[in-house]
Ligand SMILES: Cc1cc2nc3c(=O)[nH]c(=O)nc-3n(C[C@H](O)[C@H](O)[C@H](O)COP(=O)(O)OP(=O)(O)OC[C@H]3O[C@@H](n4cnc5c(N)ncnc54)[C@H](O)[C@@H]3O)c2cc1C
């Protein structure tokens, strides 16, 4: 049994703490805030690839569906154009999407979008081993930019839709890799899901199950950094100066608190030679207005008349939540989307110190963050 300190009680910390406690380790979670959840507190967050969470639940006790009501978001998304046209895109139905586009813009438009989804399918086959694995996979060669793919679409509104997969991550379609077509592919093939109880329900179940498996949660406990003993981790140094001893540390808090030079660059999911971007993280700009709205988990992607970046809005019981573009709704991202996926690896140069969460491989967003925890748990192994 190892003494494991997990720093941060967001999704990555919760998933890591649960899986490692279930593996029989002595797990302590150190969270700077007063409660778990981290970024999951920001309004509705429909997610793809629910299999990642299902896997964690199945391996650690009752299946996900017995704990929470995981439901498809229907329609998956509503595209709202400046000229007043709205397209409700059905969930997990490429043929339904094709019909909706043909109805809105005329026959043949759906087939144009099919070509984007087919591009995403090819990209996913290339990227999948890299996203789901932790070592050995070669970075994908990224041929072209998202704008190149968009340029092949005759319908200008569809071009705006495709480019929004870059702009909503705070990135420029002219430099974002073409392989971002995996995002519409994943949405339309595996569906977009939400938890009826809200993400607070997911957080509550994860924290309770981790505690049942023996994990200890310590809140209002900001970490200053890992405590090192040469090239080994010795614990976590708290902001107050105390050290919590540990043989293994799973770090899910911001990477800027780590000593320089310990992260191993994964080169990113989308490696391109000229990738290098030290721009500071784009801020998440989220606005809640008290507009009367019918609550729904379906996001509306609104496209301005001037072809500028789209804005993602959700109608919640609290009002309308707007994630203003350009923003980094999927975690801290530097100026280019390649940087979003250019994350340090889960293993560091310090023995016993692992990185998980949106700041580490394979990247941000609910499924990838949960997958980072799964990768780290596999690397650490059973007690
Ligand atoms: C507005 C918004 C909308 C989003 N929408 C979606 C969506 O629709 N679909 C989707 O899949 N994803 C979405 N995401 C992304 C998703 O929420 C995140 O990628 C994921 O929750 C990140 O989890 P994490 O554990 O890596 O990080 P966090 O949630 O940031 O957790 C890190 C935790 O560490 C704690 N911490 C920080 N510093 C310290 C320290 N020094 N010591 C101890 N603890 C510390 C923090 O308090 C926090 O609890 C969205 C994110 C935002 C912000």
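Summary table
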{"quantity": "Some residue of the range 208-222 being over 27 Å from residue 132 (Cα atoms), surrounded by 17 or more Cβ atoms within 10 Å (Cβ to Cβ) and either within 13 Å of the ligand (Cβ to nearest atom) or in the same structural domain as residue 363 (by TED's automatic domain parsing) (or both)", "calculated": "yes"}
{"quantity": "Pick from the range 248-298, criterion modelled with pLDDT of 90 or more and within 11 Å of the ligand (Cβ to nearest atom), ranking: nearest to the chain's Cα centre (by Cα)", "calculated": "252"}
{"quantity": "Residues within the range 186-201 that are crowded, with 23+ Cβ neighbours inside 10 Å and touching a helix residue (DSSP H, G or I) at 6+ places or on another chain (Cβ under 7 Å), tallied", "calculated": "2"}
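Residue by residue, here is whether (1) out of contact with any strand residue (DSSP E or B) (no Cβ under 7 Å at 6 or more places or on another chain); (2) part of a helix (DSSP H, G or I); (3) modelled with pLDDT of 95 or more; (4) within 11 Å of the ligand (Cβ to nearest atom) holds:
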| site | (1), (2), (3), (4) |
| --- | --- |
| 346 | no, no, no, no |
| 361 | no, no, no, no |
| 364 | yes, no, no, yes |
| 373 | yes, yes, yes, yes |
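The values are calculated or read from the model by the stated rules, or taken from the named source; none is laboratory data. All figures in this text were calculated on a predicted structure; none of them were measured in a lab. All Cβ positions, glycine included, derive from the backbone under ideal geometry; neighbour counts span all protein chains shown.
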